[in-house]
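Heads up: the structure comes next, in structure tokens.
The values are calculated or read from the model by the stated rules, or taken from the named source; none is laboratory data. Note that the structure is predicted; figures quoted are calculated from it, not measured. Glycine also receives a Cβ, built like all others from the backbone with ideal geometry; neighbour counts cover every protein chain displayed.
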Amino acid sequence: MQEKHDLHHEFPEHYDRIHELKISDKHFARLFDEYHEINREVMRIEDGVENQSDEYLENLKKKRLLHKDKLYGMITN
């Protein structure tokens with residue numbers, strides 16, 4: 001079974017803050033949606049549903065991490 005990377009699993013202690021920001025901050029909401037879109041693609045590749053190169057997958061994981069870092073900064077600010 002794959003590790004869960006959605007933000008509510010990554011930062012369960014910030015559940016309410018994440019919900020608040022999704023509603024009140026359009027930039028956060030856009031990054032949140034992009035993060036989860038990237039995460040779903042990573043999971044499809046890792047599950048073998050999509051076939052991509054290892055390099056593509058690694059770049060996607062880096063992009064996911066950058067989004068997570070930005071979102072975390074907004075959550076804790």
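Assigned to a helix (DSSP H, G or I), touching a residue at least 40 places away in the same chain (Cβ under 8 Å), in contact with a His (Cβ under 6 Å, 6 or more places away or on another chain) and among the hydrophobic types (A, V, I, L, M, F, W, C): does that describe I75? Explain how you work it out, then say what you get.
Numbers: assigned to a helix (DSSP H, G or I): yes; touching a residue at least 40 places away in the same chain (Cβ under 8 Å): yes; in contact with a His (Cβ under 6 Å, 6 or more places away or on another chain): yes; among the hydrophobic types (A, V, I, L, M, F, W, C): yes.
So I75 fits the description; yes.
A quick yes/no check of all residues on (1) of a type outside the set (K, R); (2) on the phi > 0 side of the Ramachandran plot; (3) modelled with pLDDT of 95 or more:
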| residue | (1), (2), (3) |
| --- | --- |
| E3 | yes, no, no |
| P12 | yes, no, no |
| I18 | yes, no, yes |
| D25 | yes, no, yes |
| A29 | yes, no, yes |
| D47 | yes, no, no |
| S53 | yes, no, yes |
| K63 | no, no, yes |
| D69 | yes, no, yes |
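I'd like the full set of residues that are free of Cβ contacts under 8 Å to residues at least 12 places away in the same chain and within 17 Å of the chain's Cα centre (by Cα), limited to segment 31-57. Talk me through it step by step, then tell me what you get.
Taking segment 31-57 as the starting set, the residues that turn out to be free of Cβ contacts under 8 Å to residues at least 12 places away in the same chain are 33, 37, 40, 44, 48-56.
D33, E37, R40, R44, Y56, listed by residue number.
Please enumerate the residues belonging to segment 27-59 that are aliphatic (A, V, I, L, M) and under 29 Å from D16 (Cβ atoms).
Selection gives A29, L31, I38, V42, M43.
Against the definition (among the basic types (K, R), farther than 19 Å from T76 by Cβ and surrounded by 11 or more Cβ atoms within 10 Å (Cβ to Cβ)), how does K61 come out, yes or no? Quick ask: steps written out before the conclusion?
On the way: among the basic types (K, R): yes; farther than 19 Å from T76 by Cβ: yes; surrounded by 11 or more Cβ atoms within 10 Å (Cβ to Cβ): yes.
Considered against the rule, which asks whether it is among the basic types (K, R), farther than 19 Å from T76 by Cβ and surrounded by 11 or more Cβ atoms within 10 Å (Cβ to Cβ), K61 comes out as yes.
Search segment 1-30 for residues being under 16 Å from G73 (Cα atoms) and of a type in the set (A, V, I, L, M, F, W, C), and hand back the single one that is farthest from the chain's Cα centre (by Cα).
This residue is L21.
Out of segment 23-57, which residues are over 17 Å from D6 (Cβ atoms), surrounded by fewer than 12 Cβ atoms within 10 Å (Cβ to Cβ) and of a type in the set (D, E, K, R)?
K26, D54, E55
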